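This report concerns only the one structure given below.
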Amino acid sequence: MSAHAPEPTPVVPPMPERTPKALRAAIAQHTPQLLPDFDEHWKRAIADTFDIGPLPAFMARWWSEYAIARDPELDAYVMDLHRRAAESTDLAEAKALLEEASEIRHKVRTTEPGE
């Protein structure tokens, strides 16, 4: 009988510098599934408008998206909260699940570069 080694815990990559270029590079490297939406949002909100006014909101959104997606366990947990809320027939339960997901998104916005 052979013992199975436990699955290695995935290494969560650190947060990049808080710039659009560094964030895009981190997304491309570690969470490429987000890249098409990131690029489309960048094009629509910033590049095509020549307006940097929306940049803080853009960065806040994508900083949170990357902070969650780079951690497979956290990403799965947040996705499960949304799934359970969508399937719930109890309004109070659905609201509580979505509030928990929102709190996680709000909390990860404070993650600093390198963390």
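Readers should treat all values here as calculations from the given coordinates under stated rules, not as data from a laboratory. This structure is a prediction, so every number in the text was calculated from the model and none was measured. Here Cβ is always computed from backbone atoms with ideal geometry, including for glycine, and neighbour counts include all displayed protein chains.
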Counting each pair of different Cα atoms once, what's the Kirkwood radius of the stretch 62-113 in Å, rounded to one decimal?
11.3 Å
Based on DSSP H runs of at least 4 residues, each adding -39500 (n - 2.57), what is the mean residue ellipticity at 222 nm of the chain after dividing by all its residues, to the nearest 500 deg cm²/dmol?
-19000 deg cm²/dmol
Through the Karplus equation 6.51 cos²θ - 1.76 cosθ + 1.60, θ set to phi - 60°, convert the phi angles of the stretch 94-103 into ³J(HN,Hα) values in whole Hz; use x for Gly and Pro.
4, 4, 5, 5, 5, 5, 5, 4, 5, 4
Out of the stretch 45-115, which chymotrypsin sites (Phe, Trp or Tyr not before Pro) are coil in DSSP terms and have no more than 10 other C-beta atoms within 10 Å?
Phe50
Considering the options Ala28, Leu91, Met79, tell which one lies farthest towards the positive end of the dipole of the chain, charges being +1 on Lys and Arg and -1 on Asp and Glu at the Cβ, about the Cα centre.
Ala28
Value of D in µm² per second that Stokes-Einstein yields for the chain, Kirkwood Rh from Cα pairs, at 10 °C (1.306 mPa s):
100 µm²/s
Which lysines does Lys43 reach when only Cα atoms under 23 Å apart count, and residues fewer than 8 places away in its own chain are ignored?
Lys21
Loop trypsin sites (Lys or Arg not before Pro), the stretch 15-115, which have at most 16 other Cβ atoms in a 10 Å radius of their Cβ (DSSP)
Arg18, Arg109
Under the Karplus relation 6.51 cos²θ - 1.76 cosθ + 1.60, θ = phi - 60°, what is the ordered set of whole-Hz ³J(HN,Hα) values for the stretch 50-56, x standing for Gly and Pro?
6, 10, 8, x, x, 4, x
